[in-house]
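Below is one structure; the comments refer to it alone.
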Amino acid sequence: MIICEDLLFSYEAQLIKYNAEDYIFQEGTAAKFYWQIKEGTVKLNTFLEDGKEFVHGLPFDGHCIGESYLFTGHHYAVNAIAVTNCEIIKIPKSKFLEILLKNPPLMLELNKYTADRLHFRYMISSFLAISDPIIKLKKLFDHLKKYFGFEEVYSFLIPYTRQQIATLTGLRVETVIRYIKKMQEQNIVKLDSTKIYY
């Protein structure tokens, strides 16, 4: 978690429940709240003019969403949509900024978190130039494994479904399924039913 939940609640934060497919915020709306995911997975996306969806990320338990917009006058350039049923902590922008002013070390933590997310976005953007599905998948899995502090072979359970992996890498689900099986044959991943260990 980015900010201690007890601290947020001491500043009048609310715990809001969202069902899968509910919008938390929409592209083009003003940023008025800090959002921190207590439980669940959220999709940050945009819909292109032709109706296609571009997914920017799939943050989950402990992550915050849309926080950088609280420091600008810009409206959200993305949607935040619940992928699963979610519990999200919501606190008004003024209270959030008050927390940061009274707790300066939190600003450094938030900056580090935002920098990590930018790194992830740059990495995901590079997938556009990679044609080999195994390289795309390994690059994503390497990043996730390192982010969560795992080093041993097959020690890390990939936290995404094959559909979510496809969405993040720009591959079709069928392609993800086929190449994950190839990665298993090459002893790159270990499969246990629907679980992928890297």
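The values are calculated or read from the model by the stated rules, or taken from the named source; none is laboratory data. Everything numeric here is computed off the predicted structure, so don't read it as measured data. Positions of Cβ are backbone-derived with ideal geometry, glycine not excepted, and every protein chain shown enters the neighbour counts. Heavy atoms of the whole protein, side chains included, go into the accessibility calculation; ligands, DNA and RNA do not. Shrake-Rupley method; radii C 1.70, N 1.55, O 1.52, S 1.80 Å.
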Spelling it out for Y154: with amide H atoms placed in the peptide plane at 1.01 Å from N, the residues 5 or more places away or on another chain with amide H under 5 Å from its amide H are Y198
For the chain, which longest stretch is free of loop sites, where a loop site is one of the GluC sites (Glu not before Pro) that DSSP puts outside H, G, I, E and B and that has at most 12 other Cβ atoms within 10 Å?
50-150
Taking Cα atoms only, Rg over Rh for the stretch 43-198 with Rh from the Kirkwood formula is 1.00
Please compare each pair in K102/K138; K38/K102; K43/K181; K32/K190; K32/K112; K93/K139 to a cut-off of 32 Å on the Cα-Cα distance and tell me which ones are over it.
K102/K138; K32/K190; K93/K139
Two-site label geometry, T72 and E27: point separation in nm, points 7 Å out along Cα→Cβ
1.5 nm
Relative contact order of the chain, pairs being alpha-carbon contacts under 8 Å that are 6 or more residues apart, as %:
22 percent
Restricting the calculation to Cα positions, tell me the Rg (one decimal) and the Dmax (whole number) of the stretch 1-48 in Å.
12.4, 40
Whose amide H sits under 5 Å from the amide H of H63, counting only residues 5 or more places off or on another chain, with H placed in the peptide plane?
I37
In whole Å, what is the distance between the alpha-carbon centres of the stretch 163-198 and the stretch 59-73?
29 Å
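With viscosity set to 0.890 mPa s at 25 °C, what whole-number translational diffusion coefficient in µm²/s follows for the stretch 10-133 from Stokes-Einstein and a Kirkwood radius over Cα pairs?
159 µm²/s
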Taking 7 Å along the Cα-to-C-beta vector as the label spot, tell me the A129-H143 distance in nanometres, rounded to one decimal.
1.4 nm
So the FRET efficiency between E12 and A115, C-beta based with R0 = 41 Å and rounded to 0.05, is 0.90
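How much length, in nm to one decimal, is gained on full extension between T161 and E49, taken as 0.36 nm per residue of separation minus their Cα-Cα distance? Provide the component values of the computation, followed by the final result.
On the way: separation 112, 0.36 × 112 = 40.32 nm, distance 2.67 nm.
Going from the current span to full extension adds 37.6 nm.
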Collect residues whose amide H, placed 1.01 Å from N in the peptide plane, falls under 5 Å from the amide H of N85; neighbours closer than 5 in sequence don't count.
A20
Taking a ≥ b ≥ c as the square roots of the Cα gyration tensor eigenvalues, with a/c under 1.5 meaning rounded and otherwise prolate when a/b beats b/c or oblate if not, the stretch 113-198 comes out oblate
May I ask you to give the percent of accessible area on the stretch 50-99 that is carbon plus sulfur, with a probe radius of 1.4 Å?
55 percent
